[in-house]
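Only one structure is covered here, and it is reproduced in the block below.
The values are calculated or read from the model by the stated rules, or taken from the named source; none is laboratory data. What you see is a predicted model; the values in this text were computed from it and never measured. Heads up, the Cβs are rebuilt from the backbone with ideal geometry, glycines too, and the neighbour counts pull from every protein chain shown.
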There are 2 protein chains.
Amino acid sequence: MERRRSRPRIADVAREAGVSKTAVSFAFNSPERLSTETALRIREVAGALGYRPNPVARMLTQRQTMTLGVLTPQALAVIFSNPFFALFSEGVAHAAEDLGYELHFISPLHGSLALAVGRSTVDGVVAIGLSADHPEVEQIRGAGLPMVLVDSDDLPEHSSVVVDDEAGARAAAEHILSLGHRDLLVIAVERPASEGPADGSGVSGEPRRNGVTERRLRGYRAALLAAGGDLPDDRIVAGRSSIDGGSSAFQRAWAMGLRPTAVLAMSDAIAIGAMRAARDLGLRIPDDLSVVGFDDIDLAAHVDPPLTTVHQPIRQKGADAVRLLLAEVEQREAHRPEHIRLETRLIVRGSTAPVPAARLKVGSEFPGT
Amino acid sequence: MERRRSRPRIADVAREAGVSKTAVSFAFNSPERLSTETALRIREVAGALGYRPNPVARMLTQRQTMTLGVLTPQALAVIFSNPFFALFSEGVAHAAEDLGYELHFISPLHGSLALAVGRSTVDGVVAIGLSADHPEVEQIRGAGLPMVLVDSDDLPEHSSVVVDDEAGARAAAEHILSLGHRDLLVIAVERPASEGPADGSGVSGEPRRNGVTERRLRGYRAALLAAGGDLPDDRIVAGRSSIDGGSSAFQRAWAMGLRPTAVLAMSDAIAIGAMRAARDLGLRIPDDLSVVGFDDIDLAAHVDPPLTTVHQPIRQKGADAVRLLLAEVEQREAHRPEHIRLETRLIVRGSTAPVPAARLKVGSEFPGT
DNA sequence: TACTGTGACTAAACCGGTTCACTAAACCGG
DNA sequence: CCGGTTTAGTGAACCGGTTTAGTCACAGTA
């Protein structure tokens, strides 16, 4: 007696139940087309055999996978250690689950995002943090795969979700200026190595050239300009968007001789790292140094002192992206791309305070002006 | 002229290039079986047509998906907000990426994990935190899908990865005891609603009955027993494994009149929440209250004071699980399940200190003994 | 009795690839 | 020039389902 080691197929069930493959298929998908007894009997036989319809075969005939992709230019391992991304995924996951879709994370495979995209079996993609000129954007468009861009520059052909980064950054800078600070340090998110020039030069410490960083920088600048100051390049450093990244960026700035009274950080992780580094250097927060973050991750309210930061609706960003994507996936024809811009909001907590008296310059002028 | 709206198929490329489907397939998968020029020409035609082999069809014929599933009994949204899981995923993702596999997260779909498993197209699954008697374990075995269990009780048929929870918990308790503490509070991870009894009763605050909680409880007990004490049920409370969960669990204990000098928390998130709640109640840490966590997530070293905790190699757990799973996936026959047990290590930081003098009982006896 | 309709079920085509078995032509040493 | 091996390529079967277009038996109607 030969032992069948592979899973039973629809044909096995059909033979065993003495019906056609079609009948078995009907028994599962449209039982009303069969007499009640037949449908029941088929399902019984199927159960006894341990039959489970092969989902890959089903995907092939239905020409849809009921799976959505989340595309990121960074490795999964990096992604998961980023609290911002965790929140975003939460939003995406929630919406996808509600609508009955599975989720598939697409990140560079063997260093190649193109390869990963080619292999992936999804009905549509949410791309996060992918600059609009990234080559994969073109690849996905070429493949005719519906896509929603999040935190990119707007592309007319694709729906998109962004937050008003510029207004948020401006609010952060205005808050700091209103407290009398004039000597600022901006810590941006550095460009990851994978996006750097091929020769590997100038990778570390260089601000990312993508939309988010640019927009936030514009916001900071706008506030400073309105107050009669400006933001010279040597007041901008960059680091990885993590606690350690913020920590070492602040140390680097300190070593370069900078002695700011306030730090504008482009992410909460960076802000928290900067606070740690500052404290290790003997500074008290907010007495000696004010720090403002960006994002308002859950941790922000839980550090000591609680972090003043720019809140952005991260979960909602994920949920909205899925909603837009499904609108396109489910009614392919006659679909017009939609562009959503969500608002930000400054949340003042304990990490900012008036500029220390000792550092107060006469008339609160900007240094050198 | 009819516009072809669907993607080109292999037959289109074959026709356009004047060759057979087989040749096109060869051009991509085994070009050495074709003359160099033919292979090149076919690829050119394919490129011009924007042809991309349909990965679903490929999966069907190859009968493998090059995708691994990560199975969790909780909703994705919950998962992503859990730093422990983020670390674990990091380990899984790293290993999977190295080996050329995609990752697919499987979590309850419309509340049904069974449905999600049925739909998923994976070559094998890593199940985390699924108790061994969970019905889905049986379902997956029935489907003949390779599976590795993480943090469950060992099942002889499946490979598994666990850490030595009992020894870790014992080390934590011994540390606390050696500092003179006798009045302890244990905060366990509560059973999630989805695992509770159907009538919804007794869900909140009840410790989870899965292997991890049990093993850690045993470890705590062993240390206490060896020191001549014990761990009555009213010294154990439970909360969600999050900062807020720990916070409210501690508040609940306090409201019940408990005034411990030390807290043994079953996760760092809970420990951090307990510290916050304690501080809000006017307690100083570690002067008035010592707190020990479990896991050693990245944040543990970054809170104030830095958290004393039991380190477990979370990333490695993920990586090892993938390694074991692939051993089974890639050579289905003649495979013997393997069981890995990783070590834990107590990391003493700033959240634990000798019992406050005011609370020191004569002879350091246990209360009531 | 012939005609029409309906309920229950089926054979065959199809989804889009891969692969097995085979062939025609070129090559090759003796 | 012969028999055997390589090279380059092909047609058909196959993966495991769904779906289209019937077939067949039987009941109802004129």
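Per the conditions (1) buried (at least 19 other Cβ atoms within 10 Å of the Cβ); (2) away from DNA strand C (no atom under 16 Å from the Cβ); (3) in contact (Cβ under 8 Å) with a residue 40 or more places away in the chain; (4) under 25 Å from A:I140 (Cβ atoms), the sole criterion not satisfied by A:M59 is (2).
When only residues in region B:11-29 that are more than 10 Å from DNA strand D (Cβ to nearest atom) and of a type outside the set (F, W, Y) count, which is surrounded by the most Cβ atoms within 10 Å (Cβ to Cβ)?
Here is the first cut: in region B:11-29, the ones more than 10 Å from DNA strand D (Cβ to nearest atom) are B:11-13, B:15-16, B:28-29.
Filter again for of a type outside the set (F, W, Y), leaving B:11-13, B:15-16, B:29.
Numbers: B:A11: 11, B:D12: 17, B:V13: 25, B:R15: 15, B:E16: 16, B:N29: 10.
By that ranking, first place goes to B:V13.
For region B:79-102, check the following and say yes or no: at least one residue is more than 39 Å from the chain's Cα centre (by Cα), over 23 Å from B:V163 (Cβ atoms) and of a type in the set (D, E). Spell out how you get there, then give the answer.
Restricting attention to region B:79-102, the residues satisfying the condition of being more than 39 Å from the chain's Cα centre (by Cα) are none.
So far as region B:79-102 goes, no, none of its residues is more than 39 Å from the chain's Cα centre (by Cα), over 23 Å from B:V163 (Cβ atoms) and of a type in the set (D, E).
Of all the residues in region B:209-243, those that are more than 20 Å from B:S152 (Cα to Cα) and polar (S, T, N, Q) number 1.
When B:V92 is tested against the conditions (1) assigned to a helix (DSSP H, G or I); (2) at the interface with chain A (Cβ under 8 Å from one of its Cβ atoms), the lone failure is (2).
Note on region B:112-128: residues that are more than 8 Å from chain A (Cβ to nearest Cβ) and over 25 Å from A:G111 (Cα atoms) amount to 7. Taken as a whole, region A:13-26 holds no residue that is away from DNA strand C (no atom under 11 Å from the Cβ) and within 14 Å of another protein chain (Cβ to nearest Cβ). Only a single item in (1) within 14 Å of DNA strand C (Cβ to nearest atom); (2) at pLDDT below 85 is not met by B:I79, and it is number (1).
The set of residues in region B:53-78 that are more than 23 Å from B:L324 (Cα to Cα), under 23 Å from the mean Cα position of the chain (by Cα) and facing another protein chain (nearest Cβ under 8 Å) comprises B:A75, B:L76, B:A77.
Take the conditions (1) within 14 Å of chain A (Cβ to nearest Cβ); (2) out of contact with any Gly (no Cβ under 6 Å at 6 or more places or on another chain); (3) surrounded by fewer than 23 Cβ atoms within 10 Å (Cβ to Cβ); B:G142 misses just one of them, which is (2).
Among (1) within 13 Å of DNA strand D (Cβ to nearest atom); (2) crowded, with 16+ Cβ neighbours inside 10 Å, which single condition is B:R52 missing? B:R52 satisfies all of (1) within 13 Å of DNA strand D (Cβ to nearest atom); (2) crowded, with 16+ Cβ neighbours inside 10 Å except (1).
So in region A:35-46, with the set limited to residues that are near DNA strand C (Cβ under 8 Å from one of its atoms) and closer than 19 Å to A:D12 by Cα, which one is surrounded by the most Cβ atoms within 10 Å (Cβ to Cβ)? If you could, list the steps in order and put the result at the bottom.
Quick first cut of region A:35-46, residues near DNA strand C (Cβ under 8 Å from one of its atoms) only: A:35-39.
Still in the list and also closer than 19 Å to A:D12 by Cα: A:38-39.
Details: A:T38: 17, A:A39: 19.
Within region A:35-46, the match that is surrounded by the most Cβ atoms within 10 Å (Cβ to Cβ) is A:A39.
Within region B:62-75, if we keep just the residues that are surrounded by 24 or more Cβ atoms within 10 Å (Cβ to Cβ) and hydrophobic (A, V, I, L, M, F, W, C), the residue that is farthest from B:I314 (Cα to Cα) turns out to be B:L68. Exactly one residue out of A:A127, A:A114, A:A169 is in a helix (DSSP H, G or I) and surrounded by 23 or more Cβ atoms within 10 Å (Cβ to Cβ): that is A:A169. Hey, any hits in region B:31-38 for a residue that's within 14 Å of chain A (Cβ to nearest Cβ) and more than 30 Å from A:S6 (Cβ to Cβ)? Within region B:31-38 (the criterion being within 14 Å of chain A (Cβ to nearest Cβ) and more than 30 Å from A:S6 (Cβ to Cβ)), the answer is no, since none of the residues qualifies.
Conditions (1) of a type in the set (D, E); (2) within 14 Å of another protein chain (Cβ to nearest Cβ); (3) surrounded by 18 or more Cβ atoms within 10 Å (Cβ to Cβ), marked per residue:
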residue: A:D234; (1), (2), (3): yes, no, no
residue: A:V263; (1), (2), (3): no, no, yes
residue: A:D280; (1), (2), (3): yes, yes, no
residue: A:G293; (1), (2), (3): no, no, yes
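With the structure loaded, tell me whether B:V162 is β-branched (V, I, T), over 16 Å from the mean Cα position of the chain (by Cα) and modelled with pLDDT of 90 or more or whether it fails that test. Judged against the criteria, B:V162 is not a match. How about region A:95-111: which of its residues are without any contact (Cβ under 8 Å) to a residue 24 or more places away in the chain, surrounded by fewer than 20 Cβ atoms within 10 Å (Cβ to Cβ) and at the interface with chain B (Cβ under 7 Å from one of its Cβ atoms)? Across region A:95-111, the qualifying residue is only A:H110.
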